[in-house]
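Working notes, structure below.
Read-outs: derived from the displayed coordinates by stated rules, not from any lab. Just so it is clear, the model here is predicted, and its values are computed rather than measured. FYI the Cβ positions are ideal-geometry reconstructions off the backbone, even for glycines, and counts take in every protein chain you see.
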Ligand SMILES: [Fe+2]
């Protein structure tokens, strides 16, 4: 009797193991960060972002509304040869009043260099490294972070990967109208975000619009000011920047994007300034994915895709990053739903670790354009090696260890001849009113 059972048990174990040998984790609880009492002028929630050529914006918050907005900085610890003064803002939201939010631009800074800085003339010394001026350059990429145990795990892994710039395709704090959760998120990310530039765009969790009472994006725009003025944009919801040899466009899935919109007009102007000799790589980042074979948020990006994909295709965009869907997916080069050697690679990476958990269900069969898809928490790393080659890897949070689960070498569209082929098409697209 026992002998008959053994093969059956082995068969069951074997089938289980082959079908899915990875047990996907459950969501983890929201972190509760203890509040350490500090002087009201003590800088908190420090983060930095790129602010035009050779400049960096330092952002922090003080409870003291009269605290100065100065940043002292230099290349040696404790020795500050330079000082810059910035601007401040604050906001109220129902019963909540924010602290004083300081934005101070420092520079010019040398590339690939370590600087030490202090905010408001007191508090701890922070250390930052500027990105390189030339290849190679490394980006961390992660969306839909939130502030749970999984977020902490993801942040720990990003901290280990030696990135130059962090790219975030939206959904940061998951404060969801509870404003002090923006403060706890700011404190959670400070160790990383104060040492490397974090470049963000907005997701649906940043909107926080209350009809007749509060406009959208009040908290997000006040706290996460990005270089929109530096890139000729009139809105913090879309902008661009250049770093090493990459031109990176951050679009707004939650602002108007039709062909008559300010965003669309700005996008055309921005694309007309791209020089592929100076920046051979062209990346675009926004929140709601255009290529998504998960059942979650299926088709939500369709309108924006219909409007903007032809323009991005004419411009030979190499890579598109999105979030929103709490899973990972990488496409082959694709345009208009079909495989196309001159289309972009689309990567959905909304798996930072937020409280809502993972999106497990996928459409079957897997579309031809979809190369790799998995519902797990994790982060991505993009190392652009030179003008023609970049290495992309996705790292799953596996039992709290980062495990490389997908990787691929990507060849630039400059190298493949697409940019040269479509030069006239792009000129025509940019001239069309
Ligand atoms: Fe989202």
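Across the range 44-129, the volume of the C-alpha convex hull divided among the residues equals 89 Å³ per residue. Could you tell me the center-to-center distance, by alpha carbons, between the range 44-62 and the range 67-127 in angstrom? Comparing the Cα centres of the range 44-62 and the range 67-127, I get a distance of 7 Å. DSSP finds beta bridges in the range 252-358, and of those with both partners inside it, around 50 percent are antiparallel.
Extending 7 Å from Cα along the Cβ direction at residue 275 and again at residue 339 yields two label points whose distance is 3.7 nm.
Alpha carbon centre of the range 302-322 versus the range 129-182: separation in Å? For the range 302-322 versus the range 129-182, the Cα centre distance is 24 Å.
Mean separation of Cα pairs under 8 Å and 6 or more residues apart, divided by the residue count, gives the chain a relative contact order of 15 percent.
Highest mean first, the peptides 226-235, 355-364 sorted by other C-beta atoms within 10 Å per residue fall in the order 226-235, 355-364. Of the peptides 168-177, 257-266, the order by per-residue mean of other Cβ atoms within 10 Å, starting with the highest, comes out as 168-177, 257-266. For the range 323-353, the residues whose backbone nitrogen is under 17 Å from a point 7 Å from the Cα of residue 295, taken along Cα to Cβ, are 325-328.
Comparing Cα centroids, the range 367-433 and the range 226-301 end up 16 angstrom apart.
Per-residue extension of 0.36 nm, minus the Cα-Cα distance of residue 432 and residue 90, leaves a gain of 119.0 nm for this segment.
Each residue, residue 423 and residue 159, gets one label point 7 Å from its Cα in the Cβ direction; the gap between the two is 4.9 nm. Ellipticity at 222 nm from helices only: DSSP H runs of n ≥ 4 in the chain, each -39500 (n - 2.57), divided by the residue count, give -6000 deg cm²/dmol. What the Cβ-Cβ distance of residue 259 and residue 133 gives, at R0 = 41 Å and to the nearest 0.05, is a FRET efficiency of 0.70. Binning the alpha carbon pair distances of the range 137-431 at 10 angstrom intervals from zero yields the distribution 6, 30, 38, 21, 4, 0, expressed in whole percent.
Computing FRET efficiency as 1/(1 + (r/R0)^6) for residue 113 and residue 83, where r is the C-beta to C-beta distance and R0 is 25 Å, gives about 0.90.
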